[in-house]
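Heads up: the structure comes next, in structure tokens.
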């Protein structure tokens, strides 16, 4: 296919996080024209909310900079913009954006990412009610802003409980899937706490430790051997606030077969990934199906993971389910190739 | 503790509570445990709030205790409940108000089950017809009696003589609330305020001028927990549960405990005596216990009813310290007189727990 033809092909990428930005860069490299719609004021998605990334604790900012470095004149990023309406007619997609623009494209790539689980839904853990219960995202924000880790009363916490699987693998929360990144995030954050507060005791309450990624097991071992972080196999049943603001945790230590009660100065909830509301809005207009987990379905299975049930509409990143950043980047590149192949085939049909 | 967080949660757990025309179903055990509570509820609704409430002598147990101790099968429970509904239908009412928390939980469970398994409802109708030739309509509104007092809490307070304020200090009384497990733990959206931070009693306490005290073991069972108490061998678990709660709440120095279940006030009241005899420990001020009230008793006190007409002399823990704080007068001479003025006799004093 000549670059002339490719230049005429327009692709609308919805969501300017890791997957959307990376896929846009890759597709632009193949000669396509990209409109990249992002609802926030910055590309990079959740990267902008994170401080350091597992496994090597590299700054999230570095990766965000690498991603946006690839932007070029074939990519038109539209920040603070959302898709109000999108319809498919005669093989073309016509989208009306929140700024009033109309974009006509030959293909659409959904890269709407995920929403963080709202920890207030686990009411028994007291997030939003107890003073010293925060989420992994809150802790990351404290690290990112360089603030000291203090209790609500301004004291250095002597004991911190980290709770895994908050909103994941939890039928009561309506999410039976594993969010994949929480276990390693918990270990990363536990180490980061110990690095700044070596005297503070850190306890991780887990169901299973899913250390599937490269180096994950090594980090888990490092957490125990080098930092004396305690891992307790037991899901938190409930938390209560004591009169002094400390939090009473109740769990069952399933290795000891004993109920356990522990007072901690601070609790960090490892919130999981949820299907994003943006994805639900856009996919309903594009008539793409969702899986039973609420994420965008991948009807063509292993081989063509980026295809949705609507021809010309593709998916990339965590909009199809929880993923690490590495998996998201790979998925984005794969999706870019899938979109390119589709556009080639539609061009062949036109000829 | 962020009260705003609780308020945001409470907004998600509001339920529809009928305004009038109630069919009342009494509890099997409350009239023995707290003899004037149900009478007071009827009195408040009829005389104070001018509501139409029907107290049907023909109704029976809901089978709650038998159901939760695996003595009766679900078909029996369904049929008995279907009969209760047929009595309501026959009397011309559509708003069902059980006095008992376990009944409320069981009615909720059966209605929910019929919603998801209509064949079970058909079966219940068939069994009821076969046994009694009765038919029924399902309630349009199901609310626990404490929901009704909650709904009219501001009207009650407006008519009241007293508030939950210490007359000496002018400060709100500190109140611990304890919700029966079957109120919302099974179906959080059927209870005012949900399961984790219920508001039904907290709302009454606030409306009556008191201050709700949250404490670490607030959600823990009162100690009734049917299998803990009904199975004699398990009674150690029962008293241990109550003890756990007392030890958790006592540092907050609550002026009293407010409850909405048949078993909770009974066990929280009587076990204080048992613990004092067994271990020499008391949890209230100056060797007394922490008074325990039902929501009807509390509403009655606010309205200025005589404490002995409310049956407060049948409590194990003396309520006089609480009455003194609020400034409610009481006659020590009439405390143990029966309805016809006969002397019922003063109970023997415990050896440790101080009583009036």
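Some points to look at:
- Scaled to the globular estimate 2.2 N^0.38 Å, the Cα spread of the range A:104-159, given as radius of gyration, is 1.71.
- Computed from Cα atoms, the angle from the helix B:118-132 axis to the main principal axis of chain B rounds to 90 degrees.
- Three-way shape label, the range B:227-352, alpha-carbon gyration tensor, a/c 1.5: prolate
- Span from the the range A:284-351 Cα centroid across to the the range B:1-64 one, whole angstrom: 55
- Over chain A, the fraction of Cα-Cα pairs per 20 Å bin, rounded to whole percents and listed from the shortest bin up, is 29, 50, 19, 1.
- Computed packing ranks the peptides A:23-36, A:47-60 as A:23-36, A:47-60, most packed first, by mean other Cβ atoms within 10 Å.
- Separation between Cα centres of the range B:215-262 and the range A:204-241, rounded to whole Å: 34
- Quarter the surface of the alpha carbon convex hull of the protein assembly as shown and you get the mean projected area, 38.2 square nanometres.
- Among beta bridges identified by DSSP and lying wholly in the protein assembly as shown, the antiparallel ones come to about 40 percent.
- Packing-based order for B:264-273, B:29-38, B:172-181, B:335-344, using average beta carbon neighbours within 10 Å, highest first: B:264-273, B:172-181, B:29-38, B:335-344
- For the range A:1-109, the alpha-carbon coordinates run over 48, 33, 20 Å along the three principal axes, in decreasing order.
- For chain A, the longest principal axis of the alpha carbon atoms and the long axis of helix A:216-225 meet at an angle near 20°.
- Helical content alone sets the calculated 222 nm signal of chain A at -8500 deg cm²/dmol, taking -39,500 (n - 2.57) per DSSP H segment of four or more residues and averaging over every residue.
- In the range B:17-145 the Cα-Cα distances spread across 10 Å bins starting at 0 as 13, 45, 33, 9, 0 percent of all pairs.
- The alpha carbon gyration tensor of chain B gives principal lengths a ≥ b ≥ c with a/c of 1.5 or higher and a/b greater than b/c, which makes the shape prolate.
- Principal axis dimensions, the range B:208-284 - Cα atoms, whole angstrom, descending: 41, 27, 19
- Quotient of Cα Rg and 2.2 N^0.38 Å for the range A:243-351, N being how many residues it contains: 1.65
- Gyration tensor verdict on the range A:58-144 (Cα atoms; rounded if a/c is under 1.5, prolate if a/b is larger than b/c, oblate otherwise): oblate
- Share of pairwise Cα-Cα distances greater than 30 Å in the range B:146-326 is 14 percent (whole percent).
- Helix-only [θ]222 nm of chain B, DSSP H runs n ≥ 4, -39500 (n - 2.57) each, per residue, nearest 500: -12500 deg cm²/dmol
- More than 27 angstrom apart: percent of Cα pairs within the range A:119-273: 15
- Centroid-to-centroid separation of the range B:122-148 and the range B:181-212 [C-alpha atoms, Å]: 26
Where a number appears in this text, it was derived from the coordinates with a stated rule and is not lab data. Remember, predicted model here, so these are calculated numbers, not experimental data. Cβ: placed from backbone, ideal geometry, glycine included. Neighbour counts: every protein chain shown.
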